[in-house]
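Down below is the structure, laid out as C-alpha cells.
Please treat every number below as a calculation from the coordinates, not as lab data. Not measured: the values here are computed from a predicted model. Here the Cβ is made from the backbone with ideal geometry for all residues, glycine too, and neighbour counts use every protein chain on show.
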Amino acid sequence: MRFEREVGESLTYQFAQAAAEMRAQGREIISLGLGEPDFTTPEYVTEATIEAMRGGFTHYSATQGLPELRGLIAEDCNRRFGSQYAPNEVIVTPGIKSAVYFALAALLEPNDEVILISPYYVSYPAMVKLAEPTAKIVNVTLKRDFTLDIRALEQAFSVHTKAILVNSPNNPTGMVLSQAEVSHIVELARKYDAYIVADEVYEKLIYNDAGFVSFAAQAQARDRLIVCNGFSKSHAMTGWRLGYAIGVREIIGKMNKLQQHINTNTCTFVQKGACAIYRHEPDHIGPYVAELERRIAYFHEAVNALPYMKGVRPQAGFFYFVDISATGADSNAFCADLLRKTGIASTPGIAFGPEWNDHVRFSFAVPMATLERATALLQGYRYGEDA
C-alpha cells in the first residue's frame, strides 16, 4: 500500500501520548487535547447492551447493520429532517470514521478532486489519500471569523471535483453552516455533478440557538448525498465505536461491499444496545449542552483577556480554536512549550490544515474546576520565557 505524506500519525494523539507519559512521571497534566464527553454513557444503553449479550446477540449480524437499528436511524432522520430514507439506505459502521472513509472509498477514482473546508477534522486528508492515493485535495480556507468564503468555495469546484467533505458543526472551530451556506454547497455540487459527504456528528451540541441545518433536510441534495453520524459525542460512546451513514442507495451498496470484506459487520450486541437510544428521550443532552455553554462563556472571556490569545466563540461542539499569532510561535512549538511549562495539553492548529499554524485547539469537555485551573495557569504563562 502506498502511504502518501497525508497519512501520518495524528498530532492530536501524539500530544495526548506525550501528556500521558508526563503524567506517568508524576507531573500534573490538564488534558484539553482530545475531545470526549465528560459524562458516562446513559445507563439504558449499557443495560440494553448487556441484555443483548445475555440474550445471544453475540454472533454475526447483517453486514449492512441490524435491520432494527437501520430502521430506527432512517425513521429518526425522516422525522427530524423531512427526508424519505428507507432502511436499505442506511449502513451501520464501527465508528463514524469508518462511515466517512467507506463513503470516500466508494466514490473516488484515480485523479478525482476532493474539496475540504479548512480547518478540517485531522483525519480527513489521510482518509482521502487512503481511499484513493492519486486524489487531489483542494482546500477552501474559512475566513478568520470562521465563516465560509463563498468566492473561494466557487473557485474550488471544477469538472474534476468528485466530492466535497463537509463537517458542520465543525471540529475544531465550532462553526455551524447557515441555511444559505448549505444551499450554496448543494447548488455547486449539483452544478458540477459532485457528491456531498456530510459529517454531522456534533449536531446535537448546539449553543445559543445557533440552529443546525442538516444536509439531509435538503431535498435537492438527495441524489448526491451521504450523511455520516454516530453516537460518540451525543451519548458519550467514543469507545463503543458505532457510527452510520445514510444516503444514495448505490453508494451505500458499495460501502456495504467494503464492509463485507473488511469488517464483516459492526459489533452485534453494541448495535442492539444502540436501539435503546431511539426508545428513550435524550434527557441528558439539554443539561450537558447548558453546562458546555457555561464553560465556553467562561473560557472565551478568560482567553480574550490574555495579551497573546484571541478566539471566536463556538456555536457548537466542545472545542475552542484559539489564535496565537501574537506569540510569533508556530502551533507545534507553542503546544510543546505550553505542555512543558504548565502541564496543559492542547492540539496544534496545523493538524487541522496548513493555513492554521497560528492557532491551537482546546477542548472544554472537562469539569469547570479543571477549566478554571487551566485558565489560572494560562494567565501566568508566557511563550518563550523561562518557567
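Summary of computed values
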read-out: Angle between the chain longest axis and helix 285-304 axis [Cα atoms, degrees, rounded to 10]; value: 30
read-out: Counted charge near Arg249, where neighbours are those whose Cβ lies closer than 11 Å (Asp, Glu -1; Lys, Arg +1); value: -1
read-out: Val360, Val182 arranged by Cβ crowding within 10 Å, fewest neighbours leading; value: Val182, Val360
read-out: Extended-chain gain in nm, criterion 0.36 nm per residue less alpha-carbon gap, Gln379 and Gln220; value: 52.3 nm
read-out: Candidates Ile73, Ile226, Ile91: whichever shows maximal mean-square fluctuation once the chain is modelled as a Gaussian network with Cα springs under 10 Å; value: Ile73
read-out: Amide H contacts under 5 Å for Ser232, placed H, 5+ residues apart; value: Met237
read-out: Length gained when the stretch Lys191-Glu281 is fully extended (0.36 nm per residue, less Cα-Cα span); value: 28.4 nm
read-out: Per-pair calculated FRET efficiency, R0 = 35 Å: Lys310 and Gln179 via Cβ, rounded to 0.05; value: 0.80
read-out: For the chain, share of DSSP beta bridges that run antiparallel, in % to the nearest 5; value: 50
read-out: Residues Met127, Met175 arranged by fewest to most Cβ contacts within 10 Å; value: Met127, Met175
read-out: Summed side-chain charge close to Thr161 - residues other than Thr161 whose Cβ falls under 11 Å, Lys, Arg +1, Asp, Glu -1; value: 0
read-out: Dipole moment magnitude, nearest 20 debye, segment 43-279 about Cα centre, only Lys, Arg, Asp, Glu C-beta charged; value: 260
read-out: Theoretical gain in end-to-end length, Phe39 to Asn88 [0.36 nm per residue, Cα-Cα removed]; value: 14.4 nm
read-out: Calculated Rg and Dmax of segment 43-279 using C-alpha coordinates, Å; value: 17.4, 56
read-out: Choice from Ala152, Ala126, Ala345 showing the highest fluctuation, given a GNM over the chain with Cα pairs closer than 10 Å; value: Ala152
read-out: Residue with peak Gaussian network fluctuation, the chain [Cα springs, cutoff 10 Å], from Val122, Val166, Val90; value: Val122
read-out: Charge dipole magnitude, Cβ of K and R +1, D and E -1 - segment 32-81, Cα centre, debye nearest 20; value: 240
read-out: Packing-based exposure ordering (other Cβ within 10 Å, fewest first) of Phe318, Phe102; value: Phe318, Phe102
read-out: Thr147-Ile262 pseudo-label distance in nm [points 7 Å out on the Cα-to-Cβ vector]; value: 3.8
read-out: Helix 179-191 vs. the chain, principal-axis angle (Cα, 0 to 90°, nearest 10); value: 50
read-out: Helical mean residue ellipticity (222 nm; -39500 (n - 2.57) per DSSP H run of 4+; nearest 500) of the chain; value: -12000 deg cm²/dmol
